[in-house]
Amino acid sequence: MREDVEIDQALPLESRCEIAVPAGAMHSFQANHNEVNWKLIVKGTVDGWPDYERVFPVVVCPELRPSGHRGGPV
């Protein structure tokens, strides 16, 4: 969480950060009757303005496994 952020009214807010997917978490997936979706939710509170929330989709790729690996934990 970031607080006391100053935003120039003439410029859009841009920020870079790192996000970490929990170890062993399921990757993004979609089939006929099932799916796993990830999203990043940004919430903000600004004095004198309504609170806001923005949602951004995140695609999580399957974990890379060493060649020759036949399943199970790495």
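The values are calculated or read from the model by the stated rules, or taken from the named source; none is laboratory data. Note that the structure is predicted; figures quoted are calculated from it, not measured. Cβ placement follows ideal geometry from the backbone for every residue including glycine, while neighbour counts extend to all protein chains displayed. For the accessible areas, the whole protein counts, side chains as well, though only heavy atoms, and no ligand, DNA or RNA atoms are used. Shrake-Rupley method; radii C 1.70, N 1.55, O 1.52, S 1.80 Å.
Annotations
- Surface accessible to a 1.4 Å probe, per residue, for the residues of the chain, Å²: 104
- Once the Cβ-Cβ distance of Trp49 and Ser15 is raised to the sixth power relative to R0 = 22 Å, the FRET efficiency obtained is 0.75.
- Positive-end residue, the chain charge dipole about Cα centroid, Cβ charges, pick of Met26, Trp49, Trp38: Met26
- Segment 26-67 - percent of accessible surface contributed by carbon and sulfur, probe 1.4 Å: 56
- Relative contact order of the chain, taken over Cα pairs closer than 8 Å and 6 or more residues apart, is 22 percent.
- Residues of the chain were split at every exposed loop site, defined as trypsin sites (Lys or Arg not before Pro) in a DSSP loop with at most 13 other C-beta atoms within 10 angstrom, and the longest piece left, sites excluded, is 17-69.
- Student exercise, the chain dipole from Lys, Arg, Asp, Glu Cβ charges, in Debye to nearest 20: 660
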